[in-house]
Amino acid sequence: MLQGRRVLLAVTGGVAAYKSAFLARRLVEAGAEVKVILTESAREFIGPQTFAAITGAQPHMSLFGEPSVSPHTDLARWCEVVIVAPATASTIGKVANGISSDLVSATLLSAGSPVLLAPAMHTEMWEHPATQRNIKTLESDGYLFIGPVAGALAGGDVGMGRVSEPDEIVEAIERILSPDESGLRVLVTAGGTREPLDPVRYLGNRSSVKMGHAIANEAALRGIRVTLVTASNMAAGPTVTVVAVETADEMAEAVFGEDIDVAIMAAAVADFQPSKSSEGKISRTDGLDSIELIPTPDVLASVVARDPKPFVVGFAAETGGVERAIEKALEKKVDLLVYNDITEPGSGFETDTNRVVLIDSKGTTDAWPLMSKQEVASLLLDRIATMMAARG
Ligand code: CTP
């Protein structure tokens, strides 16, 4: 519930602006006090009177001509959370670059409260390197994101870029404003480890880290205390404690030092490392006949062996059917194994989507449809919470 909580809803210009009227309605129904800002482009899609009727107050629309001499700082100081829905590529670009050319961007630049952005745009715009660069910048500046998701877009197109549904946004705002009080400590591993051969070369893998980071960010969004041990320099949410590592040995050591109630092992950890790493660069002239490999520590096994045993989620990115993954779930004694077939379209390392099958400790499977990695992260955390609650 959001009884008495002060929510600032910033609506920017995309067709998804019509959904923000439903969002405003849901926020009001949940008890929130809602103020609305509409950009000029948003008003091409939806009128101010709609929001006035829903929230009981006229929306704010301009830096100038309002009764307040400084509407952006007044609004920024008033609110406990800002939700930008829909957040266009243009507004995302402005905020990532500190541009404050209208009331929404100036308010965001002044806001000290958490800001949640719900992007909505065509797939081409979402995937453009400039948009992705801006998202990374905003993530590392501490902005929170919900969506976009895959689905129907403007003009009959289908793809990634659809705004999250109003109910999901309200739930995210509730989580932001009421941090998790369970005190659970969640550890997430992410990224592909790199095992050095010399100062220049390493043995690595194609893991893109997206799944692990999505889980850590989603957990943080829920107010959960989360430590992310990651073999990547990708940004994580502001409240995620990040431990950067490079090798399997470093990952094992970092995990060893953590008190854990839930371990979500999404990292692609090397199974073997070179028995020695040359101090100097190995030259072509000197040659290299062979590389001797030795096993790396099994980080997941070390967590499963703990007493008391945390709730452990393993991952298995395979190139074959689910049968091997079911065997793996039983062998590794995990509470859940998340299997995906990396050869399937939309389920590979570099994609924003994933199609997973959950396997429990008895080998029972639950196949989920193709969805964004963020949606997988969210549903996975829900499932873990349900399973832990059932066990008391
Ligand atoms: N894992 C780990 N430490 C390792 C290897 C794997 O913690 N040294 C974890 C991964 O993070 C993942 C799970 O174990 O959650 C399964 O990883 P996977 O590579 O699929 O399993 P392996 O044990 O390496 O089995 P195989 O190579 O036979 O597929």
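The values are calculated or read from the model by the stated rules, or taken from the named source; none is laboratory data. The model shown is predicted, which means the values in this text are computed figures rather than measured ones. Don't worry about glycine lacking a Cβ; one is built from the backbone with ideal geometry, like all the others, and counts go over all protein chains shown. For accessibility, only protein heavy atoms count, side chains too; no ligands or nucleic acids. Shrake-Rupley method; radii C 1.70, N 1.55, O 1.52, S 1.80 Å.
For residues that are under 22 Å from residue 169 (Cβ atoms) and of a type in the set (A, V, I, L, M, F, W, C), scanning just the range 207-227, find the one that is nearest to the chain's Cα centre (by Cα). Among them, the one singled out is 214. When residue 194 is tested against (1) touching a Phe, Trp or Tyr at 6+ places or on another chain (Cβ under 6 Å); (2) at pLDDT below 95, only condition (2) is not met. If you filter the range 339-354 down to residues that are of a type in the set (Ser, Thr, Tyr) and out of contact with any strand residue (DSSP E or B) (no Cβ under 7 Å at 6 or more places or on another chain), you find that the one that is most open to solvent (accessible area, probe 1.4 Å) is 343.
Filtering the range 328-361 to residues that are more than 10 Å from the ligand (Cβ to nearest atom), modelled with pLDDT of 95 or more and farther than 15 Å from residue 383 by Cβ leaves 330, 333.
Being open to solvent by less than 50 Å² (accessible area, probe 1.4 Å), out of contact with any Gly (no Cβ under 6 Å at 6 or more places or on another chain) and in contact (Cβ under 8 Å) with a residue 40 or more places away in the chain is a property that residue 38 lacks. If you go through the range 149-185 and pick out every residue that is farther than 15 Å from residue 7 by Cα and either touching a His at 6+ places or on another chain (Cβ under 6 Å) or assigned to a loop (DSSP other than H, G, I, E, B) (or both), you end up with 12.
On the basis of being within 30 Å of residue 133 (Cβ to Cβ) and in contact (Cβ under 8 Å) with a residue 40 or more places away in the chain, does residue 239 make the cut? Walk me through it before giving the result.
Working: within 30 Å of residue 133 (Cβ to Cβ): yes; in contact (Cβ under 8 Å) with a residue 40 or more places away in the chain: no.
The answer is no for residue 239.
Could you check the range 305-364 and list, in sequence order, the residues that are under 21 Å from residue 185 (Cβ atoms), in contact with a helix residue (DSSP H, G or I) (Cβ under 9 Å, 6 or more places away or on another chain) and hydrophobic (A, V, I, L, M, F, W, C)? Listed by number, the residues that qualify are 311, 312, 313, 315, 334, 336, 338. Scanning the range 257-280 for residues that are assigned to a loop (DSSP other than H, G, I, E, B), open to solvent by 30 Å² or more (accessible area, probe 1.4 Å) and closer than 22 Å to residue 317 by Cβ returns 269, 271. In the range 57-73, the residues that are β-branched (Val, Ile, Thr) reach residues that are not in a loop (DSSP other than H, G, I, E, B) with C-beta atoms within less than 7 angstrom, at least six apart or across chains, in these pairs: 73/110.
Test residue 254 against the criterion of being at pLDDT 95 or above and either in a strand (DSSP E or B) or within 11 Å of the ligand (Cβ to nearest atom) (or both), and give yes or no. Judged against the criteria, residue 254 is not a match. Scanning the range 55-89 for residues that are over 18 Å from residue 14 (Cα atoms), hydrophobic (A, V, I, L, M, F, W, C) and open to solvent by 30 Å² or more (accessible area, probe 1.4 Å) turns up 57, 63, 64, 69, 78.
Here is the figure for the range 276-323: residues that are more than 10 Å from the ligand (Cβ to nearest atom) and over 29 Å from residue 365 (Cα atoms) total 19. Checking the stated criteria, residue 322 turns out to be of a type outside the set (Phe, Trp, Tyr), modelled with pLDDT of 90 or more and open to solvent by 10 Å² or more (accessible area, probe 1.4 Å).
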